[in-house]
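Worksheet: the structure to be examined is printed underneath.
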Amino acid sequence: MLSPQEEDRPGRARAVARALPWIGTAVVLMLLLQRVDVQETWRILGLARPTPLGAALLGWALIQAASIVRWWGVERLAGDSAVTMRDLARSHLVGMSVNLFLPSGFGGDIARALRRRTESRGLLRAARGVVADRFLALHALLVAAAIGIAATPALQQRVSPQTLAVLLVLGSLPFAWPWLQAWLRRTAPPTASQTAGTLALWGLSVLIQFANAIVHAWLLDALWPGVPRSWMLAVIPAMSLLASLPVSINGLGVREGLLMLWLSPVGVPEPVALALGVLSLGLLVVAGLAGGLVLLGEALTPSRAGMA
């Protein structure tokens, strides 16, 4: 028979696992704040030019709309012909809100899957579309970063073409899963229309990542103009990819540290890079607040609770 201490061990392990991202966030932020002149960062933010900021905010809104369209397309390809873009938009924003308080972007994916679950659609089936949507986003991050590195000679000295090729091949392997599954189960492979639809959604994902790099370039232009777009095209997708790892809360600290590291070679001072990280976080907070309003509206209107 297990002792009380042994019975409680799994609970303690889960508590430690939940606390680690918060601890990691606190440690990284403390190190960054000791390194950078925070007052200078706030001064730079106060001098930000409004026109690039407005363009970035509009671009960010378009990115969210495109992400909802991509998810809608994924669900339609998965066979859910009744799915509506309005319901997915609400769930997308709620997922953005949940991401503000959980490690990486996967907490929001769990929230999205839970909201897609119904009596006729179990959690596993609801999660398939979310997982497929997340894979398209992550693969597009990898492709966009590879294109940016290939277009920037200074970055090619840090990442070899061979390394990029290996990463692209490994990252593309999940695309072969439907054909492998069809071969193992002796079923029909994806049709030409399904393949074309998947490629179209993948192309949209790549465009979203390019747009995200441009949005961050506009944010940086508001603070420190003159950084090459190709450099931002390589840095921002790579930053987004690493910030999605479950080591901090919503990538806080990781995002800012990577910007300070990777923008330094093009002459961006650390306070400016930190200010860019603050603006980038601000975009996430705006989307999260919109999701909070969706949850508030559902709480005040019980008949809407439980909608996909």
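The values are calculated or read from the model by the stated rules, or taken from the named source; none is laboratory data. Since the model is a prediction, treat every value here as computed from it, not as a measurement. Cβ: placed from backbone, ideal geometry, glycine included. Neighbour counts: every protein chain shown.
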ask   = Residues R86, R18: which one is out of contact with any Cys (no Cβ under 6 Å at 6 or more places or on another chain) and either β-branched (V, I, T) or at pLDDT 90 or above (or both)?
value = R86
key: Which numbered condition A89 misses (of (1) surrounded by 22 or more Cβ atoms within 10 Å (Cβ to Cβ); (2) more than 13 Å from the chain's Cα centre (by Cα); (3) of a type in the set (A, V, I, L, M))   = (1)
task = Return yes when A234 is out of contact with any Asp or Glu (no Cβ under 8 Å at 6 or more places or on another chain) and surrounded by fewer than 23 Cβ atoms within 10 Å (Cβ to Cβ) and no when it is not.
result = no
query = Just for the stretch 20-53: of the residues that are touching a Pro at 6+ places or on another chain (Cβ under 8 Å) and not in a helix (DSSP H, G or I), which one is surrounded by the most Cβ atoms within 10 Å (Cβ to Cβ)?
reply = V36
inquiry  = When the residues of the stretch 163-206 are narrowed to those that are at pLDDT 85 or above and of a type in the set (S, T, Y), which ends up nearest to A65 (Cα to Cα)?
reply    = S205
query = Before we move on, is T118 in contact with a helix residue (DSSP H, G or I) (Cβ under 8 Å, 6 or more places away or on another chain), assigned to a helix (DSSP H, G or I), touching a residue at least 40 places away in the same chain (Cβ under 8 Å) and not small (G, A, S)?
reply = no
task = Test A56 against the stated conditions and say whether it is at pLDDT 80 or above, under 22 Å from E256 (Cα atoms) and surrounded by 12 or more Cβ atoms within 10 Å (Cβ to Cβ).
result = yes
Number of the exception - A82 against (1) assigned to a helix (DSSP H, G or I); (2) hydrophobic (A, V, I, L, M, F, W, C); (3) surrounded by fewer than 20 Cβ atoms within 10 Å (Cβ to Cβ) = (1)
